[in-house]
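Reading through the structure tokens given below for one structure.
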Amino acid sequence: MAYVIIGNSAAGISAGEALRESDKTGEIVIISQEDSLPYYKYLLCDYISERLSHQEMLFKPREFYREKNIIPFLGEKVIHIDTDEKKILFENREFITYDKLLIASGVYPVTPRTPGHYLTAVYTLRSWEDAENILQTARRSERAVVMGGDITGYSVAHALLKLHLKVTLITDSDRILPHSLDERGSELIRDSIQNSNLEIIFKDEVADVVRHPLDNKLVGVGLSSGKEIVCQLLVLDKGNKADTSLVRGTDIKFNHGIEVNDKMETTVSSVYAAGDVAETWDIAFEGKKQNEGWYNAVSQGWVAGCNMAGTDSRYPGAIKINRVNFGVPFVSAGLINPNNEDLKWKVMVNEKSDSYRKILLKNGMIYGMIFIGDTKGADSIIALIKAKAKMEESTVLNLLI
Ligand SMILES: Cc1cc2nc3c(=O)[nH]c(=O)nc-3n(C[C@H](O)[C@H](O)[C@H](O)COP(=O)(O)OP(=O)(O)OC[C@H]3O[C@@H](n4cnc5c(N)ncnc54)[C@H](O)[C@@H]3O)c2cc1C
């Protein structure tokens, strides 16, 4: 049996391990367009802030492939999948065939149509190479602009602060972290960064970049409001998208991500998808959703690998989790900004001077949570959301203390 996995990260590596556990002899190939050994992508901001080296971010050593008898194709970009002929085509026009294929290719950052986004000091953040470019440019810079006020933009801004840059975060929203926190949570985080070197500009966006007339280097940005900001580094975070190009022309169904069932099978036989690229059942949302998250990707990869090797395994569903450990720490999970018109919601809040804890219930079950400041017990609540456990309100009150 020939197994091919596109993706050498959370989902792909986990699938490779599950495959080898169930099938001791089949050929396993793992492909990545990046030439790095697998690394924890969620630590990229720790690399930018120089808290961790590249070596410390790796989660598998080179020996992993030899020990598991897996063939790594690193630095090789796949450009097309032919599901009729069961082969995948590389950028260099070579191809390999598969019996079972897993697509675990993640997402890529949306690049806004900012003029000049191709300049050397303008970056998005998804890979170690991006992080390296941002770090190198930051070392030569005094001021940076980060466009995008959700979790990646906020995390990059903090990493740059640690390098002693003056940072301006620009968001088109009227509040910070709108997809990770509720309104009160956003207010608390905004207040916590007042008097720091981080300035936030709301309801605005980068409309133009300003270059030095002699050497073309980035010297500032112009905002839609007309304001100009001096900077030598611009990081763009306008969210991510799953890449449709690989499955174009096939019968693999794609919505916001590749549609899969609970065995991680796509709509084409022998082709599976897992990780950020996949659209799976979401436990709190109670529907199919494309979710980004390291641990969701690891579990999905494992389930896909088991099923590819013929060991039945079912994925119970994903849950969206946001976790920040710097500044004022917070954890949020599940549904955090549910539809207010739905009267079935019961919202329980405990706010103190140094913490804000909120749990959202419906029909006696927890669907969402936000813990800011004091994040103790957050993982237990996340487990309860996943388990869809029926809870007495008095018990939930205890969880808020
Ligand atoms: C800055 C940042 C911070 C994050 N913070 C958190 C966090 O705090 N908590 C959390 O849970 N998650 C976080 N995440 C998200 C988390 O990293 C992802 O959910 C996780 O990496 C998804 O794993 P994956 O295996 O699906 O895809 P990825 O990790 O994106 O890996 C995709 C793989 O596919 C390969 N690939 C893609 N296209 C091709 C192609 N055409 N040909 C060959 N190879 C290809 C890539 O090289 C890579 O090996 C963060 C992500 C970033 C970027």
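Does Thr83 qualify as being β-branched (Val, Ile, Thr), under 27 Å from Lys263 (Cβ atoms) and free of Cβ contacts under 8 Å to residues at least 40 places away in the same chain? Against the criterion (β-branched (Val, Ile, Thr), under 27 Å from Lys263 (Cβ atoms) and free of Cβ contacts under 8 Å to residues at least 40 places away in the same chain), Thr83 does not qualify.
Of the strands (runs of 3 or more DSSP E) that lie entirely inside the stretch 27-134, those containing 2 or more residues that are within 8 Å of the ligand (Cβ to nearest atom) span 27-32, 78-82, 107-109. Only residues that are modelled with pLDDT under 90 and part of a strand (DSSP E or B) were counted across the stretch 322-346, and they come to 2.
May I ask you to list the residues in the stretch 129-186 that are at positive phi and buried (at least 19 other Cβ atoms within 10 Å of the Cβ)?
Within the stretch 129-186, Gly148, Leu177 qualify.
Quick one: which residue in Gly16, Gly12 is more than 8 Å from the ligand (Cβ to nearest atom), within 14 Å of Val298 (Cβ to Cβ) and assigned to a helix (DSSP H, G or I)? If you could, list the steps in order and put the result at the bottom.
On the way: Gly12 fails: more than 8 Å from the ligand (Cβ to nearest atom).
Of the residues listed, the single one that is more than 8 Å from the ligand (Cβ to nearest atom), within 14 Å of Val298 (Cβ to Cβ) and assigned to a helix (DSSP H, G or I) is Gly16.
In the condition set (1) in contact with a helix residue (DSSP H, G or I) (Cβ under 9 Å, 6 or more places away or on another chain); (2) at pLDDT 95 or above, Thr267 is compliant with all but (1).
Conditions tested, residue by residue: (1) in contact with a helix residue (DSSP H, G or I) (Cβ under 6 Å, 6 or more places away or on another chain); (2) of a type in the set (Gly, Ala, Ser); (3) within 15 Å of the ligand (Cβ to nearest atom).
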site: Val303; (1), (2), (3): no, no, yes
site: Asn322; (1), (2), (3): yes, no, yes
site: Gly364; (1), (2), (3): no, yes, no
site: Met369; (1), (2), (3): yes, no, no
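Checking the conditions here, which among Ala304, Ala318, Ala297 is over 16 Å from Leu102 (Cα atoms) and not assigned by TED's automatic domain parsing to the domain that holds Lys376? Talk me through it step by step, then tell me what you get.
Working: Ala304 fails: over 16 Å from Leu102 (Cα atoms); Ala297 fails: over 16 Å from Leu102 (Cα atoms).
Criteria check complete, one pass: Ala318.
Looking only at residues that are of a type in the set (Val, Ile, Thr) and more than 13 Å from the ligand (Cβ to nearest atom) in the stretch 206-246, which one is farthest from Arg139 (Cα to Cα)? If you could, list the steps in order and put the result at the bottom.
Of the residues in the stretch 206-246, the ones of a type in the set (Val, Ile, Thr) are 206, 209-210, 219, 221, 229-230, 235, 244.
Going one step further and asking which of them are more than 13 Å from the ligand (Cβ to nearest atom), we end up with 206, 209-210, 219, 221, 229-230.
Working: Val206: 22, Val209: 20, Val210: 20, Val219: 15, Val221: 19, Ile229: 19, Val230: 16 Å.
It comes out as Val206.
If only one of Ser299, Ser353 is free of Cβ contacts under 8 Å to residues at least 40 places away in the same chain and polar (S, T, N, Q), which one is it?
Among Ser299, Ser353, only Ser353 is free of Cβ contacts under 8 Å to residues at least 40 places away in the same chain and polar (S, T, N, Q).
Counting only residues that are touching a Cys at 6+ places or on another chain (Cβ under 9 Å) and in a strand (DSSP E or B), the stretch 136-157 holds 3 of them.
Report, by residue number, each residue of the stretch 205-230 that is part of a loop (DSSP other than H, G, I, E, B) and modelled with pLDDT of 90 or more. Across the stretch 205-230, the qualifying residues are Glu205, Ser224, Ser225, Gly226, Lys227.
Can you tell which of Ile366, Ile385, Ile359 is in a helix (DSSP H, G or I) and either in contact with a Cys (Cβ under 9 Å, 6 or more places away or on another chain) or of a type in the set (A, V, I, L, M) (or both)?
Values: Ile366 fails: in a helix (DSSP H, G or I); Ile359 fails: in a helix (DSSP H, G or I).
Going through Ile366, Ile385, Ile359 in turn, just one is in a helix (DSSP H, G or I) and either in contact with a Cys (Cβ under 9 Å, 6 or more places away or on another chain) or of a type in the set (A, V, I, L, M) (or both): Ile385.
Taken over the stretch 265-301, the criterion of being buried (at least 23 other Cβ atoms within 10 Å of the Cβ), away from the ligand (no atom under 12 Å from the Cβ) and aliphatic (A, V, I, L, M) is satisfied by Val271, Ala284. Glu91 passes every criterion in (1) over 17 Å from Gly301 (Cβ atoms); (2) acidic (Asp, Glu); (3) in contact (Cβ under 8 Å) with a residue 60 or more places away in the chain apart from (3).
Evaluate the following for Ala318: is it crowded, with 18+ Cβ neighbours inside 10 Å and either under 27 Å from Tyr42 (Cβ atoms) or in contact with an Asp or Glu (Cβ under 9 Å, 6 or more places away or on another chain) (or both)? Yes, satisfied.
Those residues that are hydrophobic (A, V, I, L, M, F, W, C) and either closer than 18 Å to Phe73 by Cβ or surrounded by fewer than 21 Cβ atoms within 10 Å (Cβ to Cβ) (or both), I need them from the stretch 19-55; list them, please. I'd like the intermediate steps shown before the answer.
Applying the first criterion (hydrophobic (A, V, I, L, M, F, W, C)) to the stretch 19-55 yields 19, 28-31, 37, 43-45, 48, 52.
The answer is Leu19, Ile28, Val29, Ile30, Ile31, Leu37, Leu43, Leu52.
Is it true that Asn322 is farther than 23 Å from Met147 by Cβ, touching a residue at least 12 places away in the same chain (Cβ under 8 Å) and not aliphatic (A, V, I, L, M)? The answer is no for Asn322.
The values are calculated or read from the model by the stated rules, or taken from the named source; none is laboratory data. Bear in mind that the values here come from a model prediction, so they are computed numbers and not experimental data. Backbone-built Cβ (ideal geometry, glycine too); neighbour counts: all protein chains shown.
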